[in-house]
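Trainee: Here it is: the structure, laid out below.
Throughout, read-outs are computed from the coordinates displayed, never taken from laboratory work. Remember, predicted model here, so these are calculated numbers, not experimental data. Cβ sites come from the backbone with ideal geometry, for glycine too, and all protein chains shown count toward neighbours.
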Amino acid sequence: MEAQGFRDRFRDFQSTKTVPLGITFSPIEDLARWKAELDLPFDLLSDSDRKVALAWGAAKSENDAKALRLSVLIGADGRILKNYPSPDVHRHIDDLLADIDTMLAND
């Protein structure tokens, strides 16, 4: 599960002063249970009305049962810095951290 990969690399995100967040259509109660069961050190957010997924292209309608898998790198100022449509689960965290390091080096 991708959330476990982010959990296992959480210190790498902390060292770059970034915070991973997960967002899904699931209800808050399920997310709280998953966070505890998986010992996740970051928050899981509920998009049960699909507004975020629709705005970011992860859903085509509010009737979609599942969101498309994507990641978004958001800067401290709230601007979207990079989109990752259909990220490769096995490489995504490394790619994301490399992009963060590059962006920090260019600041």
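Trainee: In the stretch 1-34, which residues are in contact with a strand residue (DSSP E or B) (Cβ under 7 Å, 6 or more places away or on another chain) and charged (D, E, K, R)?
Mentor: If the condition is that a residue be in contact with a strand residue (DSSP E or B) (Cβ under 7 Å, 6 or more places away or on another chain) and charged (D, E, K, R), then no residue fits.
Trainee: Another question, if that's okay. Any idea which of Asp64, Asp94 is free of Cβ contacts under 8 Å to residues at least 60 places away in the same chain, surrounded by 13 or more Cβ atoms within 10 Å (Cβ to Cβ) and under 14 Å from Pro20 (Cβ atoms)?
Mentor: Numbers: Asp64 fails: under 14 Å from Pro20 (Cβ atoms).
Among Asp64, Asp94, only Asp94 is free of Cβ contacts under 8 Å to residues at least 60 places away in the same chain, surrounded by 13 or more Cβ atoms within 10 Å (Cβ to Cβ) and under 14 Å from Pro20 (Cβ atoms).
Trainee: Separate question: Can you name every residue in the stretch 1-58 that is more than 13 Å from the chain's Cα centre (by Cα), β-branched (Val, Ile, Thr) and not in a loop (DSSP other than H, G, I, E, B)?
Mentor: Hit for the stretch 1-58 is Ile28, nothing else.
Trainee: Over 27 Å from Thr102 (Cα atoms), surrounded by 15 or more Cβ atoms within 10 Å (Cβ to Cβ) and either among the acidic types (Asp, Glu) or touching a residue at least 40 places away in the same chain (Cβ under 8 Å) (or both): does that describe Phe25? I'd like the intermediate steps shown before the answer.
Mentor: On the way: over 27 Å from Thr102 (Cα atoms): yes; surrounded by 15 or more Cβ atoms within 10 Å (Cβ to Cβ): yes; either among the acidic types (Asp, Glu) or touching a residue at least 40 places away in the same chain (Cβ under 8 Å) (or both): yes.
Judged against the criteria, Phe25 is a match.
Trainee: Further, regarding this structure: Just checking, how many residues over the stretch 76-91 are in a loop (DSSP other than H, G, I, E, B) and surrounded by 12 or more Cβ atoms within 10 Å (Cβ to Cβ)? Spell out the reasoning first.
Mentor: Let us first name the residues in the stretch 76-91 that are in a loop (DSSP other than H, G, I, E, B), namely 76-79, 86-91.
Filter once more, so that each one left must be surrounded by 12 or more Cβ atoms within 10 Å (Cβ to Cβ): 87.
So the answer is 1.
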